[in-house]
Amino acid sequence: FATNAFLEITQPTNLDSVKKGKKIKLFYKGYFLDGTLVDYTPHNWAFEFTYGQEGQLIEGLQLALRKLKKGEKAKIILPSQLAFGSEGSSNGAIPPYTPLVYQIEIQDVK
């Protein structure tokens, strides 16, 4: 799906695809390569957004999501340029030039 990035669908489905303009609900956990948890959706609280809108997700997740469907779970490994790049995250939690691993579950697509 992108150069130097990795996507493994760990639980495939044949349900609705993620498409631009659709409302997406997902659960995610973001990790450093050493397994340290750095970001996540709280238990029972899905992240909800309209797919394709600017500023909702980092570039690598935008690219990966268009390959996924409702109900699917996936593991995504992003190089730093598809995550927070040379700047790092605005809150300082993720340093510059840091690759990230995400576990994602697409709860809903409507």
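Please work out which option in [x] 1.00; [y] 0.96; [z] 1.09 gives Cα Rg over 2.2 N^0.38 Å calculated from these coordinates, and answer with its label.
Of the labelled values, this structure produces [x].
Can you pull the percent of the chain's accessible area that's carbon plus sulfur, 1.4 Å probe, other chains left in place?
47 percent
Looking at the chain as a GNM with Cα springs under 10 Å, which of ILE58, ILE24, ILE76 has the largest mean-square fluctuation?
The residue that fluctuates most here is ILE58.
Would you calculate a helix-derived [θ] at 222 nm for the chain, using -39,500 (n - 2.57) for each DSSP H run of n ≥ 4 and dividing by the full residue count, to the nearest 500?
Working: 1 runs with 7 residues, N = 110.
Theoretical 222 nm ellipticity from helices: -1500 deg cm²/dmol.
Just to confirm, what accessible area per residue do you get for the chain at 1.4 Å probe, in whole Å²?
58 Å²
Kindly write out, for segment 54-70 in residue order, the coupling ³J(HN,Hα) from the Karplus curve 6.51 cos²θ - 1.76 cosθ + 1.60 (θ = phi - 60°), rounded to whole Hz, with x marking Gly and Pro.
4, x, 7, 9, 5, 3, x, 6, 4, 5, 5, 4, 5, 8, 10, 10, 3
The values are calculated or read from the model by the stated rules, or taken from the named source; none is laboratory data. From a predicted model like this one, the values you see are computed outputs, not experimental measurements. Keep in mind that these areas ignore ligands, DNA and RNA; they rest on the heavy atoms of the full protein, side chains included. Shrake-Rupley method; radii C 1.70, N 1.55, O 1.52, S 1.80 Å.
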